[in-house]
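First comes the structure, then the notes that go with it.
Every read-out reported here was derived from the displayed coordinates using simple, explicitly stated rules and does not represent laboratory data. Keep in mind that this is a model prediction, so the values were computed, not measured. Heads up, the Cβs are rebuilt from the backbone with ideal geometry, glycines too, and the neighbour counts pull from every protein chain shown.
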Amino acid sequence: GAVVSQHPSRVICKSGTSVKIECRSLDFQATTMFWYRQFPKQSLMLMATSNEGSKATYEQGVEKDKFLINHASLTLSTLTVTSAHPEDSSFYICSAIRRGEGDTQYFGPGTRLTVL
Amino acid sequence: SQKIEQNSEALNIQEGKTATLTCNYTNYSPAYLQWYRQDPGRGPVFLLLIRENEKEKRKERLKVTFDTTLKQSLFHITAAQPADSATYLCVMIKAAGNKLTFGGGTRVLVKP
């Protein structure tokens, strides 16, 4: 199978601090990784698309200076929420496309961020 | 822009019956349509993909149909089990290499 992991699974932080979330493809090389945000009882909203070795492409309305994405290798992408505020509290989910499998995205288990 | 509609009301069915979920879309017909399962507090899990030139796809107890004339996809779970209880997401891809567009999901509750 295609396994994607995220770390941490839950994080609670104080307002104004920065939080880093890791997304790893464990058994495959990911040509592209995506970061989504999901609020309670709502569907996933794409935040940005990340390609290894290049700058991430952000969706309209997503602040690139607030949500820093680094895709350093074919198996790791990180999302850093800078100067987090309570309104950033959400469920953050990453996904990855396995090379040669077209557009099927494999999702991580998600990270629950709570900003106090 | 593309709009995907799934029934927001939860679907309650008895164990052993068939659950049928509807996904309607407006605007363009997608190149691919996918169905994912999402459990509370977890990421979506890929179930099935169907292409615009395919009418039906099956995988074990799951069946997906795709009608580009009606702009609709149906997702069936036959012989439903309590373990099938989850939210099911209809997802579309306009063309190869494009991003996914998610429906709001339909929650299914299978009662023993």
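Given springs between every Cα pair under 10 Å in a Gaussian network model of chain A, which of A:Glu87, A:Glu59, A:Glu22 has the largest fluctuation?
A:Glu87
Quick one: 3J(HN,Hα) in Hz for the stretch A:28-35, Karplus 6.51/-1.76/1.60 with θ = phi - 60°, rounded, Gly and Pro as x.
7, 8, 9, 5, 9, 10, 10, 10
When you look at the Cβ of every residue in A:106-115, what mean number of other chain Cβ atoms sits within 10 Å? Mind dumping the intermediate values first?
Details: counts 4, 7, 3, 5, 5, 1, 1, 0, 0, 0.
Mean shielding by partner chains, rounded to a whole number: 3.
Where the only charges are on Cβ atoms (+1 Lys, Arg; -1 Asp, Glu), what is the dipole of chain B about its Cα centre, to the nearest 20 debye?
On the way: 16 positive and 10 negative charges, 33 e Å.
Computed about the Cα centre, the dipole is about 160 debye.
Under unit Cβ charges (Lys, Arg +1; Asp, Glu -1), what dipole magnitude, rounded to 20 debye, does chain A have relative to its Cα centre?
Numbers: 12 positive and 10 negative charges, 53 e Å.
Computed charge dipole of chain A: roughly 260 debye.
What is the local net charge at A:Leu76, summed over the other residues whose Cβ is closer than 10 Å to its Cβ (Lys, Arg +1; Asp, Glu -1)?
Around A:Leu76, the charge tally is -1.
Among the lysines, select those whose C-alpha is under 30 Å from the C-alpha of B:Lys59, and discard any that sit fewer than 8 residues away in the same chain.
A:Lys41, B:Lys3, B:Lys17, B:Lys71, B:Lys94, B:Lys99, B:Lys111
Setting aside same-chain residues fewer than 8 positions from A:Lys55, which aspartates and glutamates have a Cα under 19 Å from its Cα?
Of all the aspartates and glutamates, those that pass the test against A:Lys55 - Cα under 19 Å, at least 8 places apart if same chain - are A:Glu22, A:Glu63, A:Asp65.
Net charge near B:Leu47, counting Lys/Arg +1 and Asp/Glu -1 over other residues with Cβ under 12 Å of its Cβ?
Working: positive: B:Arg37, B:Lys57, B:Arg58, B:Lys59, B:Arg61, B:Lys63; negative: B:Glu60, B:Asp84.
Surrounding charge for B:Leu47 is +4.
Most exposed first by the Cβ proxy, i.e. fewest other Cβ within 10 Å, how do B:Val64, A:Val19 rank? Mind dumping the intermediate values first?
Numbers: B:Val64 24, A:Val19 19.
The fewest-first ordering by Cβ neighbours comes to A:Val19, B:Val64.
Can you give me the relative contact order of chain A as a percent, contacts being Cα pairs under 8 Å and 6 or more apart? Don't skip to the end; give the middle numbers.
Working: 296 pairs, mean separation 42.6, N = 116.
Answer for chain A is 37 percent.
Out of A:Gln42, A:Gln105, A:Gln60, any idea which swings most in a Gaussian network model of chain A, alpha carbons joined below 10 Å?
Most flexible of the set in this elastic network: A:Gln42.
Rounded to the nearest 0.05, what FRET efficiency do B:Ala79 and A:Thr17 have when you use their Cβ-Cβ distance and R0 = 45 Å?
Numbers: r = 49 Å, r/R0 = 1.10.
The computed FRET efficiency comes out at 0.35.
Where Lys and Arg each count +1 and Asp and Glu each count -1, what net charge lies around A:Cys13 among other residues with Cβ under 13 Å from its Cβ? Please report the intermediate quantities before stating the final value.
Numbers: positive: A:Arg10, A:Lys14, A:Lys20, A:Arg112; negative: A:Asp88.
Surrounding charge for A:Cys13 is +3.
Roughly speaking, what is the centre-to-centre gap between the stretch A:1-54 and the stretch B:43-95 when only Cα atoms are used, to the nearest Å?
Their Cα centres are 25 Å away from one another.
When only Cα pairs under 8 Å and 6 or more residues apart are kept, what is the percent relative contact order across chain B?
Numbers: 283 pairs, mean separation 41.2, N = 112.
Taking the mean separation of contacting Cα pairs over the length of chain B, I get 37 percent.
What does the structure give for B:38-45 when I average, per residue, the other chain Cβ atoms found within 10 Å of the residue Cβ? Mind showing how you got there, number by number?
Details: counts 6, 1, 0, 6, 7, 17, 11, 3.
Taking the mean over all residues of the peptide, I get 6.
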